[in-house]
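Worksheet: one structure, shown below.
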Amino acid sequence: MSDARDGFDAIGVVVDWIDACKQRRLDDLLNLYDATATAECCEGGSFRGLSEIEKYWRPRLARAVTGAFEIDALFPEVDGVTLDYRGYDGVPVRTHFCFTSTGKSASLPARRSGRPPKGVGLPLPTGTAARSYCY
């Protein structure tokens, strides 16, 4: 996990990300992504670059339900940060954030609930309906 010695606070970036989602601040959210980032979601689709990521997030932020984007857990990891939170529709989501050297969100393959690959955080509890995204 990166820290202040690397020039950015990885947990701080994740908190800024969830705050931007919660407050529906699309421009601030997009500013946290690297220009070449890829967001892959389990619902299908891969979104490459800021314009595609904007197309992904704009409608989701617009129709977010009450209680969306609440943090359930935050796990610092050697290779980034894992975040369990409530998605735009209130469904539990596990996201693993990887970062560029400048502190921008990069990408990892999306994973459904269950045991993730080594080093990508803990599995969600059995029976939890969840989607997983990586940014």
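Can you give the FRET efficiency for ALA35 and PHE75, using 1/(1 + (r/R0)^6), R0 = 35 Å, r = Cβ-Cβ distance, to the nearest 0.05?
E between ALA35 and PHE75, to the nearest 0.05, is 0.85.
Around ALA64, with a cut-off of 9 angstrom between Cβ atoms, what is the net charge of the other residues, counting Lys and Arg +1 and Asp and Glu -1?
Summing Lys and Arg as +1 and Asp and Glu as -1 gives +3.
Need one number: nm distance between label points at ILE11 and THR66, each 7 Å from Cα along Cα→Cβ, rounded to one decimal.
Each label point lies 7 Å from its Cα, and together they span 3.1 nm.
Label-point separation (nm) for LYS22 and LEU50, each offset 7 Å from Cα along Cα-to-Cβ?
Between LYS22 and LEU50, the label points sit 2.5 nm apart.
Coordinate-derived values only; no laboratory data. This structure is a prediction, so every number in the text was calculated from the model and none was measured. No Cβ is skipped: glycine too gets one built from the backbone with ideal geometry, and neighbour counts run over all protein chains shown.
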